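Working notes for the structure below.
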Amino acid sequence: MNDQTLTPEERAANLKGMGSSRKRVEDVRFTQGKGNYVDDIKLDGMLFGAFVRSPYAHARVVNVNKDAALAVPGVVAVLTAEDLSPLGLHWMPTLAGDKQMVLADGKVLFQGQEVAYVVAEDRYIAADAAELVEVDYEELPVLTDPFEALKSDVVLREDLEGQTEGAHGPRKHHNHIFTWEQGDKDATEAILAEADVVAEEMIYYHRTHPCPLETCGCVASMDKVTGKLTLHGTFQAPHAIRTVVSLISGIAEHNIRVISPDIGGGFGNKVGAYAGYVCSVVASIVTGRPVKWVENRMENLMSTAFARDYWMQGKIAATKDGKITGLWCHTTADHGGFDACADPTKFPAGFMNICTGSYDIPTAYLAVDGVYTNKAPGGVAYRCSFRVTEAAYFIERMIEVLAIKLNMDAAELRRINFIKADQFPYQSALGWEYDSGDYHTAWDKALKAVDYEGLRAEQAQQIEDFKAGKTRKLLGIGLTHFTEIVGAGPVKNCDILGLGMFDSCEIRIHPTGSAIARLGTISQGQGHATTFAQIIASEIGLPADDITLEEGDTDTAPYGLGTYGSRSTPVAGAATAMAARKIRAKAQMIAAYLLEVHDDDVEWDVDRFAVKGAPERFKTMKEIAFAAYNQAIPGLEPGLEAVSYYDPPNMTYPFGAYICVMEIDVDTGEWDVRKFYALDDCGTRINPMIIEGQVHGGVTEALAIAMGQEIAYDEMGNVKTATLMDFFIPTAWETPNYTTDHTVTPSPHHPIGAKGVGESPNVGGVPAFSNAVHDAFRPFGLVQSHMPHDHWRIWRIANGLGMHG
Ligand code: MCN
Ligand code: CUM
């Protein structure tokens, strides 16, 4: 056998297991246009649905006249709340314990809200007929500012009027949703009162949107003969959708099959349940035909899960020499018309309480008030790790603000406050146990890599040149050290709608030594088919190329909670390793039987079990697989497969050091990213190339958010940025070159030591870009200016500082 001549290293390399930059297997179909997205699905007799949406942000719906629409040839049905209410489906539960109108029930609360659903023979007829539905609106006063909303007499949610108890405790006002408090308020206020130095600032993280290339959609198909509902759709959590559909429709769960086909980007936008899904299911039941619904770009930007919109009032206390003693934060969170966030139940503001960041802050307090306004619902999306992006932006801005107050170098201020390597596992003041980290090593590596000292010298020279009138450009050095929290999460404290957040993997080894693995997660571009096969390859010694991965079909995959919050690697990746280890344990018994030795007398060697002390006597995994199907082994069942449901003991805490060097033209407000250095530590690295791709994508999205992208509303509640003409998406032109780097600090509790990475680059990227802008203007007196830093706003900073002469 040719295998015998290879060294263990060569055999390991042939597996393309963990650590290998294996090429993405899914790209064979994606690069040839052979992906299978929801809009590619065509079923016999399929109808199309289109929404009538509200042009008003707040209005009473006095009357809906469907006659003209129904008269159009090809229109099959027009649904309104009146049609859904006998079924109890005119409202649906949200993932945040609130409820949301499926179709306008007497009023609308945001521009673009679903009012009626037209079902027709094709998409064009449906769209044309939707325009013929006549809706009489009576306009109501609009509230787009959460601070105003908390003072206003205008009641947005009339359905909740008089309810003083919400899903997350008492409500203080009719437009108030919840208050969430963490940490020690009194102790923190006492520290602020006594501190040498206190810096205070309002940090606003504006509303934006993930804007995946593919919008949201589904195809609902009710088979009236078998009673089985098949729902194809852009779902990041197919099993959870199946359970939700069963609970709200009353269809037994075994009669529902949810399938997520290829997904063209999710970024959290495809976690929630949308009116389109419910209306399509109802329409399929009513008509007995499959019904497809796919949003257009404007619908996606106006009505589906947005991101951020957090007003974070912060106070940070320190000694004269910069040792931080306390952190205080009060956040006003604009949730829009319905609370449709997708956080774990006990965390209405997600993991915002990671806002002490990478720093050893002994005392802290966080309060978050959720508020209803006349904007689209949602909130948890866009590589956010459940509000960790907001938390990281907050603390990384507060550190800069404190550095100004102390007149200190911001890199040094970070260094003296980092949690030290020997403090892990580290108990944070706001309740988390950080599993592992080595921040000083990462920080020093990053500063050295960019020649931090040299950059500061260059910046000082440039400031002199600017003052001497030799240049109109400034240099900004944007620093960030972020700590992420991903892998929700231990079932004991994380659930969504009561479903514990474990994950699962089932592996079957075929007789010839190839395999299929099925998971409860679903890739939206992250490359799971590539990377999860690598975990299995390393664990059981079969080549990754011989392992197929299947996700997203609830009829075949074990129950899982889905892909978001960078939880696939920390949770499903762990389940995958554990299932593989069960297989290896059985393989060991088979090998021992075949080699006629005791189980304990064989040892694992890359892709085989060998007799201890006699490595020439071995059985490869391939041989063992065959034996599992053709040998009668006493005491062992035939076959070789295993399933694991993994409940992680803790979350994982990836971290990173990002540095952005930016040049800014004070006369035009134009910016140019000269250098972007991203060091990520996500523990054990499964596929370095995929990690790098995740970082490139995430930093580019961070650039978009920090430098121009926003969902803006006017005072009437009109969305001003509902097309890609107005909503900034970086192209190759704006996107800088990135330098990626890493350190490896494994997670001590994860079976392979891996932490997540998908969300890190956005969490760390946004403050790095924003801090660069602020740093450029720091010598001229700028302390805080809200994102997005588009050219106009940067020009305004310069103008406000009197730099235009
Ligand atoms: N990985 C690795 N080694 C590690 C950690 C991760 O090789 N130590 C690999 C994983 O195997 C996986 C990828 O990196 O192939 C991302 O893994 P992970 O961080 O576990 O994140 P998830 O797979 O759970 O993906 C979710 C995350 C989120 S929440 C958003 S939002 C986001 C992101 O991924 N959406 C994306 N990245 C995206 N990338 C693409 N192309 N499209 C999206 O919609
Ligand atoms: Cu918060 S965006 Mo991702 O968790 O799908």
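One table, with the values for the structure above:
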read-out: Members of the stretch 152-163 that are more than 15 Å from LYS375 (Cβ to Cβ) and either in contact with a Pro (Cβ under 6 Å, 6 or more places away or on another chain) or touching a residue at least 12 places away in the same chain (Cβ under 8 Å) (or both); value: VAL155, GLU158, ASP159, LEU160, GLU161
read-out: Cross-chain or 6+ apart pairs with Cβ under 9 Å, the stretch 222-251 first and open to solvent by less than 20 Å² (accessible area, probe 1.4 Å) and within 16 Å of ligand 2 (Cβ to nearest atom), then part of a helix (DSSP H, G or I) and hydroxyl-bearing (Ser, Thr, Tyr); value: GLY233/TYR277; GLY233/SER280; PHE235/TYR277; ILE241/TYR277
read-out: Selected residue (criterion: surrounded by the fewest Cβ atoms within 10 Å (Cβ to Cβ)) from residues of the stretch 679-708 that are within 15 Å of ligand 1 (Cβ to nearest atom) and assigned to a loop (DSSP other than H, G, I, E, B); value: THR684
read-out: Identity of the residue in the stretch 558-585, within 16 Å of the chain's Cα centre (by Cα) and in a loop (DSSP other than H, G, I, E, B), that ends up farthest from ligand 1 (Cβ to nearest atom); value: LEU561
read-out: Odd one out for GLU506 among (1) away from ligand 1 (no atom under 16 Å from the Cβ); (2) part of a loop (DSSP other than H, G, I, E, B); (3) surrounded by 17 or more Cβ atoms within 10 Å (Cβ to Cβ); value: (2)
read-out: Residue list for the stretch 652-697, filter: out of contact with any strand residue (DSSP E or B) (no Cβ under 8 Å at 6 or more places or on another chain) and closer than 22 Å to ASP451 by Cβ; value: none
read-out: Tabulated pairs, the stretch 789-805, first in contact (Cβ under 8 Å) with a residue 40 or more places away in the chain and under 11 Å from ILE664 (Cα atoms), second in a loop (DSSP other than H, G, I, E, B) and open to solvent by 70 Å² or more (accessible area, probe 1.4 Å), C-beta under 8 angstrom, 6+ apart or interchain; value: HIS791/GLU670; ILE794/GLU670
read-out: Among (1) part of a helix (DSSP H, G or I); (2) polar (S, T, N, Q); (3) out of contact with any Leu (no Cβ under 9 Å at 6 or more places or on another chain), the one test that GLN236 misses; value: (1)
read-out: Residues (within 19 Å of GLU539 (Cβ to Cβ) and within 16 Å of the chain's Cα centre (by Cα)) located in the stretch 683-697; value: none
read-out: Boolean, GLU121 is over 22 Å from ASN718 (Cα atoms) and open to solvent by 30 Å² or more (accessible area, probe 1.4 Å); value: yes
read-out: Residues within the stretch 647-663 that are surrounded by 19 or more Cβ atoms within 10 Å (Cβ to Cβ) and part of a strand (DSSP E or B), tallied; value: 9
read-out: Evaluation of PHE676 against (1) more than 16 Å from ligand 1 (Cβ to nearest atom); (2) open to solvent by 40 Å² or more (accessible area, probe 1.4 Å); (3) outside any loop (DSSP other than H, G, I, E, B) (one fails), failing number; value: (2)
read-out: Qualifying residue in the stretch 748-763 (condition: of a type in the set (Ser, Thr, Tyr) and crowded, with 21+ Cβ neighbours inside 10 Å); value: yes
read-out: Test: GLY35 is of a type in the set (Gly, Ala, Ser), open to solvent by 30 Å² or more (accessible area, probe 1.4 Å) and under 30 Å from the mean Cα position of the chain (by Cα); value: no
read-out: Residue within the stretch 548-560 that is closer than 22 Å to ASN14 by Cβ, open to solvent by less than 10 Å² (accessible area, probe 1.4 Å) and either in contact (Cβ under 8 Å) with a residue 40 or more places away in the chain or of a type outside the set (Asp, Glu) (or both) present; value: no
read-out: Inter-residue pairs, beta-carbon under 6 Å, first farther than 30 Å from PHE502 by Cα and in the stretch 464-492, second in a loop (DSSP other than H, G, I, E, B), 6+ apart; value: ASP465/THR471; ARG472/VAL666; ARG472/ASP667
read-out: Hits in the stretch 509-557 - residues which are of a type in the set (A, V, I, L, M, F, W, C), away from ligand 1 (no atom under 16 Å from the Cβ) and not in a strand (DSSP E or B); value: ILE540, LEU542
read-out: Checklist (1) touching a strand residue (DSSP E or B) at 6+ places or on another chain (Cβ under 6 Å); (2) away from ligand 1 (no atom under 16 Å from the Cβ) applied to ASP262, failing item; value: (2)
read-out: Pairs where the first residue, in the stretch 681-693, is assigned by TED's automatic domain parsing to the domain that holds GLN524 and the second is in a helix (DSSP H, G or I) and more than 6 Å from ligand 1 (Cβ to nearest atom), C-beta under 9 Å, 6+ apart; value: none
read-out: Hey, LYS320 open to solvent by 10 Å² or more (accessible area, probe 1.4 Å), away from ligand 2 (no atom under 16 Å from the Cβ) and part of a loop (DSSP other than H, G, I, E, B) or not; value: yes
read-out: Selection count where residues are open to solvent by 30 Å² or more (accessible area, probe 1.4 Å), under 22 Å from the mean Cα position of the chain (by Cα) and among the charged types (D, E, K, R), scope the stretch 271-298; value: 1
read-out: Number of the exception - VAL271 against (1) within 16 Å of ligand 2 (Cβ to nearest atom); (2) within 19 Å of VAL76 (Cα to Cα); value: (2)
read-out: Positions within the stretch 400-442 being assigned to a loop (DSSP other than H, G, I, E, B) and under 27 Å from ALA460 (Cα atoms), in sequence order; value: ASN407, MET408, ASP409
read-out: Any chance ALA592 is surrounded by fewer than 23 Cβ atoms within 10 Å (Cβ to Cβ), free of Cβ contacts under 8 Å to residues at least 12 places away in the same chain and among the small types (Gly, Ala, Ser); value: no
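Yes/no per residue for (1) touching a residue at least 60 places away in the same chain (Cβ under 8 Å); (2) within 30 Å of THR304 (Cα to Cα); (3) away from ligand 1 (no atom under 16 Å from the Cβ):
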| site | (1), (2), (3) |
| --- | --- |
| ALA364 | yes, no, yes |
| ALA367 | yes, yes, yes |
| THR373 | yes, yes, yes |
| GLY378 | yes, yes, no |
| ARG383 | yes, yes, no |
| ALA392 | yes, yes, no |
| GLU400 | yes, no, yes |
| LYS405 | yes, no, yes |
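The values are calculated or read from the model by the stated rules, or taken from the named source; none is laboratory data. Worth saying up front: this structure is predicted, and the values here are computed from it rather than measured. Cβ: placed from backbone, ideal geometry, glycine included. Neighbour counts: every protein chain shown. Note: accessible area is taken over every heavy atom of the protein model, side chains too, but ligands, DNA and RNA are not part of it. Shrake-Rupley method; radii C 1.70, N 1.55, O 1.52, S 1.80 Å.
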